[in-house]
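Notes to accompany the following structure.
Rule-based calculations on the coordinates, nothing more; no lab input. None of these values were measured; they are calculated from a predicted model. Cβ atoms come from the backbone with ideal geometry, glycine included; neighbour counts cover every protein chain shown.
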Amino acid sequence: MRSAMPRAPADSPRAATPMAFGRAIVAAYRHYGRDPGEALELAQITPAMLHRKQARMTSRQMEVLSATAMRQLDDEALGAFSRPLPWGSYGMLARASLSSPDLGVALGRWCRHHALLADNIRLELAVAAGRAAIAIEERGPLADGAEGREFCLVHVLRNIHGLACWYVDSRIPLLGARFPFAAPAHADVYPLLFPGPVTFGAPRAEIGFDARYLALPLRRDEKALRLMLQHALPLTVRQYRRDRLIVQQVRQALAARPAETHGADGLAAMLHMSPRTLHRQLKEEGASLQRLKDEVRCERAKDLLYRSASPVKQVAAATGFRNEKSFIRAFRQWTGASPAEFRRHMQG
């Protein structure tokens, strides 16, 4: 697959990709004793632009530059490892995991197979306390210089995150991304590359996400893979609109932190998205925030009525109602019975 750089969203500057990544690619040409002139010309990047410290380029320029370099140098790692990864290597890795029953198996295979191609790094998929993490252990020097090392680590993590999203046809929000170097001058681009909290100066490079995504089945076949590999950049790094776990995440947040999720604004902030995006994604999954709120409050109310002797007024307050009357009316709509009738039935 090609270099995994972001397409700048509509509300960000059109040229968002740091030129430092372009310089890392040019360094790969030097590593192989080749001239990058044709690739730079195709990408419409002048020498002056290339050497300007704070310069940016568009996602299209990055796509052209990286794809041309990978083909001309026959190295999809662009000089990052002790031996080249011939053109098609990352496609081979994606194909080798395509028959996996779920995302967890697919990512585990991808990490193991990557070790067969490159000795300089080892990728590890780990799960702890409901959090999945893909981490990179550096076992040898990467590329040439700080910019080359940074680009390599970013490139590998963006590739595997983008491929994971593509495998299950779902947005996979990141709980965090960590990098073992100081914040670069272009640190402001990292929220575009890795939406979510970003930490610099960490022990190793790593991305983390909700472990429940690992149980999702793969939704792609060989035909879809061939089409994806023809246009790998936009398909593997696009910000998916659909999030196949959004309903579960909303239910969990509503149940665990009711005081902070009373309104859409608080709930959306907790899930690292805008209220508009939250409503849209729920609609795409055939759900609504109000219906999920009602379901969570109903389950909470039924549990309190069954397991405690609390007065109905206290149950109403505990489930977010301002008064007992509105609670009784809502509970009857949910269950067809009043709270008192429900309690007598469950206890009788």
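Determine the calculated [θ] at 222 nm for the chain from helices alone, applying -39500 (n - 2.57) to every DSSP H run no shorter than 4 residues and normalising by the residue count; nearest 500 deg cm²/dmol.
Mean residue ellipticity at 222 nm (helix-derived): -15500 deg cm²/dmol.
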When the chain is modelled as a GNM with alpha-carbon springs shorter than 10 Å, which of Ala20, Ala177, Ala211 fluctuates the most?
-> Ala211
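If you put +1 on each Lys and Arg Cβ and -1 on each Asp and Glu Cβ, how big is the dipole of region 41-188 around its Cα centre, in Debye rounded to 20?
Details: 16 positive and 15 negative charges, 48 e Å.
In total the dipole reaches around 240 debye.
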What distance in nm separates the simple spin-label points at Ala224 and Arg257, each placed 7 Å from Cα in the Cβ direction?
-> 3.2
Give the value in nm², to one decimal: projected area of the alpha carbon convex hull of region 17-237, averaged over all directions.
-> 11.1
When the Cα atoms of region 246-347 are enclosed in a convex hull and the volume is divided per residue, what value in Å³ results?
-> 97
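When only Cα pairs under 8 Å and 6 or more residues apart are kept, what is the percent relative contact order across region 171-329? Working shown, then result.
Numbers: 147 pairs, mean separation 25.4, N = 159.
Result for region 171-329 is 16 percent.
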Would you look at the GNM of the chain, springs on alpha carbons closer than 10 Å, and say which of Arg251, Arg158, Arg322 moves the most?
-> Arg322
What ranking do 116-122, 93-99 get when scored by the average of other Cβ atoms within 10 Å per residue, highest first?
-> 93-99, 116-122
For an R0 of 22 angstrom, estimate the FRET efficiency from the Cβ-Cβ distance between Asp265 and Arg131 and round to the nearest 0.05.
-> 0.30
Indicate the helices, whole DSSP H runs only, in the chain that combine a mean Kyte-Doolittle hydropathy of -0.5 or more with a Cα extent along their long axis of 20 angstrom or more.
-> 59-73, 103-117, 145-168
Tell me, what is the percent relative contact order of the chain, built from C-alpha pairs under 8 Å that lie six or more residues apart?
-> 15
About its Cα centre, the chain carries a charge dipole, from +1 on Lys and Arg Cβ atoms and -1 on Asp and Glu Cβ atoms, whose size in debye to the nearest 20 is 1300
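Stretched out fully, how many nm does the piece from Glu299 to Lys325 gain, at 0.36 nm a residue minus the Cα gap?
Once the chain is fully extended between Glu299 and Lys325, it gains 7.5 nm.
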Label-to-label distance, nm, for residues given as Glu124 and Asp144 (7 Å Cα→Cβ offset) | 3.2
Region 246-347, relative contact order [Cα under 8 Å, separation at least 6], % = 20
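Compare the peptides 188-197, 283-292 by average per-residue count of other Cβ atoms within 10 angstrom and give them in order, highest first.
For the peptides 188-197, 283-292, the packing ranking is 188-197, 283-292.
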Peptides 263-270, 76-83, 44-51 ordered by average Cβ neighbours within 10 Å, highest first = 76-83, 263-270, 44-51
Pairs of Lys in region 246-347 closer than 18 Å at Cα, counting only those 8 or more apart or on different chains = 5
